[in-house]
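A short reminder: the numbers here are calculations on the coordinates, not readings from a lab. What you see is a predicted model; the values in this text were computed from it and never measured. Here the Cβ positions follow ideal geometry from the backbone for every residue, glycine too, while neighbour counts run over all protein chains shown.
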Amino acid sequence: MEKVRVSKLMSEQGLCSRREADSYIERGWVLVDGAPVTELGTRIFPNQKITLAKPAKARQEASVTILLNKPVGYVSAQAEKGYRPAVTLVTAANRFEGDRAPFRFTPAHLKGLAPAGRLDIDSTGLLVLTQDGRIAKRLIGEDSEIEKEYLVRVEGKLAADALALLNFGLSLDGAPLKRAQASWQNRDQLRFILREGKKRQIRRMCELVGLKVTGLKRVRIGNVRLGDLPPGKWRYLRGDEGF
């Protein structure tokens with residue numbers, strides 16, 4: 001049995017993200033078989049028991065996850081080409097009036113807040129921003145199977161077998177896509193449900209079958225729906241919700 005980095009094992013076990021693991025290790029908040037580990041890069045056997053000290057657990061419990069209805073014109077992560085990142089919309093003034101979560105917004109809720117997944121600059125809808133590496137891993141980890149649902153306005157004529165191809169049979173970047181669910185909502189709108197998130201995936205899929213996307217909105221991630229959250233507004237993920 002080969003030894004593995006503690007941070008890698010912590011991520012695989014869903015304890016936190018690798019970045020968080022390194023931070024906890026540096027602070028002495030990670031215990032292996034009851035003994036603290038403080039050196040980054042430490043390797044252990046996979047069958048050894050990893051636990052978090054109370055300060056790490058307290059930090060996780062205090063972390064927040066924010067749901068934002070991203071408008072067109074904002075990028076999901078770092079600013080680029082003069083466009084603002086979506087996180088700049090997370091202000092006290094932009095909080096959804098119907099938010100029922102028992103949190104009082106503070107600047108501390110912006111520290112380490114990062115998108116768990118992306119939406120293109122010209123796409124709208126549900127964007128998850130989180131301080132919790134466990135949620136980020138669940139949504140965008142390599143083995144994530146969380147469904148993402150989109151409503152997509154299109155132009156063009158679809159060939160008889162093209163809808164079947166949108167469901168399964170297309171490849172992007174030299175690799176076959178996972179099985180999707182694509183169906184007509186009305187004469188110019190499709191509904192997509194995906195379990196992966198390649199760059200501009202739906203737009204590129206539609207191009208392959210002769211369709212042009214004119215509007216794209218993400219309306220659901222896992223069990224969490226966009227609902228009546230207005231464009232540009234945000235709310236907290238509540239304790240009774242989960243992806």
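Below are the figures for this structure:
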| item | result |
| --- | --- |
| Tally of residues being among the small types (Gly, Ala, Ser) and buried (at least 18 other Cβ atoms within 10 Å of the Cβ) across region 102-128 | 4 |
| Some residue of region 76-85 being aliphatic (A, V, I, L, M) and under 16 Å from LEU237 (Cα atoms) | no |
| Hits in region 179-222 - residues which are aliphatic (A, V, I, L, M) and free of Cβ contacts under 8 Å to residues at least 40 places away in the same chain | ALA180, ALA182, LEU190, MET205 |
| Region 129-150, residues that are hydrophobic (A, V, I, L, M, F, W, C) and surrounded by fewer than 23 Cβ atoms within 10 Å (Cβ to Cβ) | ILE135, LEU139, ILE140, ILE146 |
| Strands (runs of 3 or more DSSP E) wholly inside region 172-240 that include at least 3 residues being charged (D, E, K, R) and surrounded by 14 or more Cβ atoms within 10 Å (Cβ to Cβ) | 212-221 |
| From the options GLY28, GLY41, residue that is surrounded by 12 or more Cβ atoms within 10 Å (Cβ to Cβ), outside any strand (DSSP E or B) and either of a type in the set (Gly, Ala, Ser) or over 27 Å from the mean Cα position of the chain (by Cα) (or both) | GLY28 |
| In region 74-101, residue nearest to LYS198 (Cα to Cα) [restricted to those that are basic (Lys, Arg) and surrounded by fewer than 11 Cβ atoms within 10 Å (Cβ to Cβ)] | LYS81 |
| Region 10-22 - residue that is buried (at least 19 other Cβ atoms within 10 Å of the Cβ) and more than 18 Å from the chain's Cα centre (by Cα) and, of those, farthest from THR38 (Cα to Cα) | MET10 |
